[in-house]
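Student: Here you go, one structure.
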Amino acid sequence: MGSTSEAAAVDKRVDFANYFCTYGFLYHQKEMLCDRVRMDAYFNAVFQNKHHFVDKTVLDVGAGSGILAIWSAQAGAKKVYAVEATKMAEHARQLVEANNLHNVVEVIEGSVEDVDLPEKVDVIISEWMGYFLLRESMFDSVICARDRWLKPNGVMYPSHARMWMAPIRSGLVDQQMKDYEESVDDWDCFINETKCYYGVDMSVLTKPYTEEQRKYYLETSIWRNLHPNQIIGTTVVIKEIDCLKATVNDIRTVHASFSSSITAENSRLCGFAGWFDVHFRGSNTNPAQQEIELTTTPSEDYGTHWGQQVFLLHPPPRVQQGDDLIVNFSMCRSKENHRLMEIDLSYEMKQSGKLLPPVKNKIFIE
Ligand code: SAH
């Protein structure tokens, strides 16, 4: 093995340990299978657009339990290739057989990047979306599959994706600061006691510990299903993806400059929320009969397992209705792990016609 392929093999093993391992558990697949918003959207997309499936060939990228492959077969596909990287493939095979679809659905255990199919397909279906759409970077695998296996007039399920942001208020900003301060206070006690009881002065580690805790409590995004009334300004689309055309380069980074006006009366700008939606529209030449939307927007009744990502601002400035925010957002993949993200988020505020100095934040999606 040459050194480059050795590195790639090590990377693959690390990726399996860090990323794929959780998908090998049924409890994790069940979490997704219990997400009604997600399930209803894919179910309706398939069964209200049977013309895309009847007598067609389908590739399910990252089949997991096999649910999307099974629906594709039930909707009339003549052949479905269900590719799953983890041992979950064995459960998917059991499920396919128990539902009498083994003549149509072929479960293949392996990375979609490595598989060889005997033919090109009419449809690629996949549930590849991570937190704030792009965490996990799984869409790379879908792009690879599309470029290798989708027929020229083939259709992507979903066909489009968008990322959204909005300014929010949230008590989380106080909670995180409190937890951070407590953790730093606790460290000071620990330093005193270690010195006193065990004769070692650990204070040289205070700075790195504080930095580590700062990153954890104050600079890492937080998962939440927000209430819509926590949104305090106009919502903005920061990225649009055409799943038929997007390249890995198009999604490796996200840069957006946008404005948002504060709509709440008198509030604190505690941070920004980020979420996504996807659409099932078919293609220009072969459109959907029923267009379906899957949204993870803040909602009183329809939370999802994706929730929203909350990017907090410390300290949170006061804002008034009519204030204007000018935001610069830049997201790239973490150097250590391409499935995690790093964000530079800076904003300027125009308050009663006066432009306040810019505030910069670094935020990690872990
Ligand atoms: N389609 C299932 C599971 C979605 S979760 C459902 O909708 O319920 C995503 C799945 O894709 C996981 O099971 C994960 O192991 C798999 N996966 C991610 N990247 C993959 C790749 N490159 N090749 C094959 N499977 C992959």
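Student: Which longest run of the chain has no exposed loop site in it, a site being trypsin sites (Lys or Arg not before Pro) in a DSSP loop with at most 14 other beta carbons within 10 Å, and the site itself not part of the run?
Tutor: Longest stretch, sites excluded: 121-244.
Student: Here's a follow-up. With every protein chain kept in place and ligands, DNA and RNA left out, what is the accessible area per residue of the chain? Probe 1.4 Å, answer in Å².
Tutor: Per residue, the chain has an accessible area of 49 Å².
Student: Taking the alpha-carbon centroid of each part, what is the distance from region 314-366 to region 223-293 in angstrom?
Tutor: Using only Cα atoms to place each centre, the spacing works out to 16 Å.
Student: Kirkwood Rh over alpha-carbon pairs of the chain, then Stokes-Einstein at 20 °C and 1.002 mPa s: what D in µm² s⁻¹, rounded to an integer?
Tutor: Stokes-Einstein gives a translational diffusion coefficient of 95 µm²/s.
Student: Would you please classify the overall shape of region 172-218 from the alpha carbon gyration tensor, given that a ≥ b ≥ c denote the square roots of the eigenvalues, rounded means a/c under 1.5, and beyond that prolate means a/b larger than b/c while oblate covers the rest?
Tutor: The shape class here is oblate.
Student: Please compute the length gained on full extension between residue 237 and residue 354, using 0.36 nm multiplied by the number of residues separating them and subtracting their Cα-Cα distance.
Tutor: Answer, rounded to one decimal: 39.5 nm.
Student: Can you give the extra length, in nm with one decimal, that the chain gains between residue 114 and residue 252 once fully stretched, where that is 0.36 nm per residue apart less the Cα-Cα distance?
Tutor: 47.5 nm
Student: Just to verify a number: what accessible area does residue 251 come out at with the full protein assembly present, 1.4 Å probe, Å² rounded to tens?
Tutor: Result for residue 251: roughly 10 Å² accessible.
Student: Additional query: State to the nearest 20 debye the size of the charge dipole of the chain about its Cα centre, where the only charges are +1 on K and R beta carbons and -1 on D and E beta carbons.
Tutor: 800 debye
Student: Over region 265-338, what lengths in whole Å, largest first, do the semi-axes of the equivalent ellipsoid take, defined as the square roots of 5 times the eigenvalues of the alpha-carbon gyration tensor?
Tutor: 32, 19, 14
Student: Over 32 Å between Cα atoms, which of 195/215; 12/195; 30/207; 87/362; 195/335; 12/151 qualify?
Tutor: Beyond 32 Å: 12/195; 30/207; 87/362; 195/335.
Student: Accessible area of region 172-218 with a 1.4 Å probe: how many percent of it is carbon plus sulfur?
Tutor: Percent of accessible area from carbon and sulfur atoms in region 172-218: 54.
The values are calculated or read from the model by the stated rules, or taken from the named source; none is laboratory data. The structure presented is a predicted model; accordingly, all values stated were derived computationally and were not measured. Methodologically, a virtual Cβ is constructed for each residue, glycine included, from the backbone with ideal geometry; neighbour enumeration extends over all protein chains shown. Ligands, DNA and RNA are excluded from the accessible area calculation, which covers all protein heavy atoms including side chains. Shrake-Rupley method; radii C 1.70, N 1.55, O 1.52, S 1.80 Å.
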